[in-house]
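The values are calculated or read from the model by the stated rules, or taken from the named source; none is laboratory data. Every value quoted in this text rests on a predicted model; they were computed, and no experiment measured them. Positions of Cβ are backbone-derived with ideal geometry, glycine not excepted, and every protein chain shown enters the neighbour counts.
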Amino acid sequence: MIERWALVSGLKGDLETYEMIQSDLKKTRGVKTLFILGDMIGPERNCDALLNRLQNPRRGDLQPQCIYGWWEEQLLAEQGLRGEQKADALRLNQGEEAVTALLNAVNSTHLKWLASLQFGFIELDCGLIHGSSADIGDNLTSETSPLILIDRLTRLDVNRLFTAHSTEQFHLELTGGGLNSHVKDLNGESQYQQKVSKQSIIGIGAGEYYTIYDVGSDKTHFLSVGGQYNTKGKGFA
Amino acid sequence: MKHAVISCLHANLAAVKAVLKDIDQKGISDITCLGDLVGYGPQPNEVVDLIRERAIASCQGCWDEDIIEGLNACECSYPSQLAEKRGHLAHEWTAEQLTDINKDFLASLPTSIRRDRILFVHGSPNSQHEYLLPDMNAFAALERVDKAGADTLFCGHTHQPYVRELKNGSIRVRLQNTSNNNAEEKEINLPMRKIVNAGSVGEPRHGSTNATYVIHDDVTGEVEIKEVAYDIELTCQAIIDAGLPRIFAWRLSHGFEFAEQAEDASHVCER
């Protein structure tokens, strides 16, 4: 049976885009699960309508499964609901005005729901996280050193890591290679080679750019709102 | 020139004196310490005083950090709740014993020391609490050293000395994104890097009761792991006299970590 996941992030309060994605997904065969990998909120617009919709899906909507992202973490930190720091990263990068705008963009009635969201999901042998398990703001891109990518996969003990923070759509597959390790201790010396496992990092995009993952064939399809999903297409395996 | 690297002294004065004497006898004057001057052992002030007197360049270890920052700084994972309780006891006892001057000294220690392309840390460049074990994923180990901008990384924390060379590595990748219809394939050659774990002076857990440290020749790159016998009975008696958990003396006299195989074997410290 065909099973596909839809992976969305970076809506930042944009209900219109979310509705268009829901509309696209209704036309896409086999999409059983919708994952929203954070950044549902942002400072640019009021986010309440989108947050209401995510918590109260309309009939026919694919039920979204949400985790929190970088913007949610900043808001929760500023509200004293996450960690000991305020929204220092946002304040440092974009100034006090952005912090104020973020606070104004989300009604406090949503804070409890936002605070209840998980950091990530592990589904099958896939990790789904906004950034990575190293940091919610981990900016993994197609240019990131493969050493770092292997580290992030190793930390989660998964074969595929779906990430969103960079907003880039990419599928980087580790296809081969190895590394020799020579260890000397008080018991003697040993040598072995560690092979590169076949693993992938997938950047799912943001906003109107989203990703469909075909669980059975292990293929990813990068889409944009209104774009045609071609089930006969090859996808990126 | 040769220099010595010591780590994890853990308030064991007899072991520290024996190791420093061994280093002195070899005519080595350049010594770097990778932290954990205190914790578990019965002579925290004496050990810190000695390191200060000898002006030995030191990093801050996880125990040193915890004594200053409080237990909330700890990200360790004790193997059991009993082990965690013992850790609490040792922490409280050590915090009570340490003088303000020595606490200030521990607070002043850097988390890393860099000499050109050599980096000295307690746990890893990421954290004083991260264990770089000799069998950890080789790529992840290489990432720790390479990302820190070092050729050789000296660390401690595991209490098990080793030298690990990572070499002749490569990674092949295939990249597909929205701007290229055809997958782009490439191979990346990885740099050669070295991790040196100095083991532990004051609480060895490598299967022998001897204190360990390493000597590094920065011309040849050679690393020797050294073992030094010391008066274990003296430290064990001092642990008991101080009222610290007797198990600390037991494991000093056996040379490995004692962890109960209890009903809480999966316990992970989350303080």
**Report entry** Test set (1) modelled with pLDDT of 95 or more; (2) among the hydroxyl-bearing types (S, T, Y); (3) part of a loop (DSSP other than H, G, I, E, B) - B:T209 fails condition number
**Finding:** (1)
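Would you confirm, using the coordinates I've provided, whether A:L156 is at pLDDT 95 or above and more than 11 Å from chain B (Cβ to nearest Cβ)?
Here the answer is no, as A:L156 does not meet what is asked.
Can you tell me which residue among A:A98, A:A77 is of a type in the set (G, A, S), in contact with a Gly (Cβ under 6 Å, 6 or more places away or on another chain), surrounded by 17 or more Cβ atoms within 10 Å (Cβ to Cβ) and on the phi < 0 side of the Ramachandran plot?
Details: A:A98 fails: in contact with a Gly (Cβ under 6 Å, 6 or more places away or on another chain).
Sole residue among the options that is of a type in the set (G, A, S), in contact with a Gly (Cβ under 6 Å, 6 or more places away or on another chain), surrounded by 17 or more Cβ atoms within 10 Å (Cβ to Cβ) and on the phi < 0 side of the Ramachandran plot: A:A77.
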Report summary line: For B:R174, the lone unmet condition from (1) over 26 Å from B:V214 (Cα atoms); (2) under 17 Å from the mean Cα position of the chain (by Cα); (3) of a type in the set (K, R) is (2)
Query raised in the report: Which ones in region B:131-151 are under 16 Å from A:D157 (Cα atoms) and of a type in the set (A, V, I, L, M)?
Result: B:M136, B:A138, B:A140, B:A141
Requested in this report: Count, please, the residues in region B:243-259 that happen to be surrounded by 17 or more Cβ atoms within 10 Å (Cβ to Cβ) and part of a helix (DSSP H, G or I).
Outcome: 4
**Report entry** Subset tally (residues that are surrounded by fewer than 16 Cβ atoms within 10 Å (Cβ to Cβ), of a type in the set (G, A, S) and at the interface with chain A (Cβ under 7 Å from one of its Cβ atoms)) for region B:154-186
**Finding:** 1
Requested in this report: Search region A:31-50 for residues being touching a Lys or Arg at 6+ places or on another chain (Cβ under 9 Å), buried (at least 22 other Cβ atoms within 10 Å of the Cβ) and not aliphatic (A, V, I, L, M), and hand back the single one that is nearest to A:T109 (Cα to Cα).
Outcome: A:C47
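Yes or no, residue by residue, for (1) at pLDDT below 90; (2) under 21 Å from the mean Cα position of the chain (by Cα); (3) assigned to a strand (DSSP E or B):
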| site | (1), (2), (3) |
| --- | --- |
| B:A183 | yes, no, yes |
| B:E187 | no, no, yes |
| B:A238 | no, no, no |
| B:V268 | yes, yes, no |
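For (1) touching a Phe, Trp or Tyr at 6+ places or on another chain (Cβ under 7 Å); (2) within 25 Å of A:F121 (Cβ to Cβ), each residue gets a yes or a no:
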residue: A:L34; (1), (2): no, yes
residue: A:R53; (1), (2): yes, yes
residue: A:Q63; (1), (2): no, yes
residue: A:E72; (1), (2): no, yes
residue: A:L75; (1), (2): no, yes
residue: A:L81; (1), (2): no, yes
residue: A:A89; (1), (2): no, yes
residue: A:E96; (1), (2): no, no
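State all residues of region A:111-149 that are part of a helix (DSSP H, G or I) and within 24 Å of B:S179 (Cα to Cα); if no residue qualifies, say none.
Of region A:111-149, the ones part of a helix (DSSP H, G or I) are A:111-116, A:146-149.
Those that are part of a helix (DSSP H, G or I) and within 24 Å of B:S179 (Cα to Cα): A:P146, A:L147, A:I148, A:L149.
From B:A11, B:A15, B:A4, which residue is surrounded by 20 or more Cβ atoms within 10 Å (Cβ to Cβ), in contact (Cβ under 8 Å) with a residue 60 or more places away in the chain and in a helix (DSSP H, G or I)? Break it down into steps so the answer makes sense when it comes.
On the way: B:A11 fails: in a helix (DSSP H, G or I); B:A4 fails: in a helix (DSSP H, G or I).
When all the criteria are applied, what remains is B:A15.
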**Report entry** Scope region B:98-147; condition within 14 Å of chain A (Cβ to nearest Cβ), of a type in the set (G, A, S) and not in a loop (DSSP other than H, G, I, E, B); matching residues
**Finding:** B:A138, B:A140, B:A141
Query raised in the report: Applying the selection to region A:111-134, what residues are surrounded by 14 or more Cβ atoms within 10 Å (Cβ to Cβ), of a type outside the set (A, V, I, L, M) and more than 12 Å from the chain's Cα centre (by Cα)?
Result: A:E123
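Any idea how many residues of region B:24-50 are part of a helix (DSSP H, G or I) and surrounded by fewer than 23 Cβ atoms within 10 Å (Cβ to Cβ)? Break it down into steps so the answer makes sense when it comes.
Kept after step one, since they are part of a helix (DSSP H, G or I), are these residues of region B:24-50: B:24-25, B:44-50.
After this cut, where a residue has to be surrounded by fewer than 23 Cβ atoms within 10 Å (Cβ to Cβ) as well, the list is B:24-25, B:45-46, B:49-50.
Residues in region B:24-50 being part of a helix (DSSP H, G or I) and surrounded by fewer than 23 Cβ atoms within 10 Å (Cβ to Cβ): 6 in total.
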Report task. May I ask you to list pairs of residues, at least six apart or on different chains, whose Cβ atoms are under 7 Å apart, with the first in region B:217-244 being without any contact (Cβ under 8 Å) to a residue 60 or more places away in the chain and the second being surrounded by 14 or more Cβ atoms within 10 Å (Cβ to Cβ) and assigned to a helix (DSSP H, G or I)? Result -> B:C236/B:A249; B:C236/B:L252; B:I240/B:A249
Report task. Answer yes or no as to whether A:T163 is hydroxyl-bearing (S, T, Y) and away from chain B (no Cβ under 13 Å). Result -> yes
**Report entry** Residue list for region A:148-172, restricted to those being touching a Lys or Arg at 6+ places or on another chain (Cβ under 9 Å), surrounded by fewer than 22 Cβ atoms within 10 Å (Cβ to Cβ) and under 18 Å from B:L190 (Cα atoms)
**Finding:** A:I148
Report task. For A:G131, state whether it is in contact with a helix residue (DSSP H, G or I) (Cβ under 8 Å, 6 or more places away or on another chain), farther than 22 Å from B:D135 by Cβ and either within 8 Å of chain B (Cβ to nearest Cβ) or at pLDDT 95 or above (or both). Result -> yes
Requested in this report: Working only within region B:187-221, note down all residues that are at the interface with another protein chain (Cβ under 10 Å from one of its Cβ atoms), surrounded by 19 or more Cβ atoms within 10 Å (Cβ to Cβ) and of a type in the set (A, V, I, L, M, F, W, C).
Outcome: B:L190, B:I195, B:V196
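Is it the case, given these coordinates, that A:E143 is within 23 Å of the chain's Cα centre (by Cα), facing chain B (nearest Cβ under 9 Å) and either closer than 30 Å to A:R4 by Cβ or not β-branched (V, I, T) (or both)?
On the way: within 23 Å of the chain's Cα centre (by Cα): yes; facing chain B (nearest Cβ under 9 Å): no; either closer than 30 Å to A:R4 by Cβ or not β-branched (V, I, T) (or both): yes.
When the stated conditions are applied, A:E143 does not pass them.
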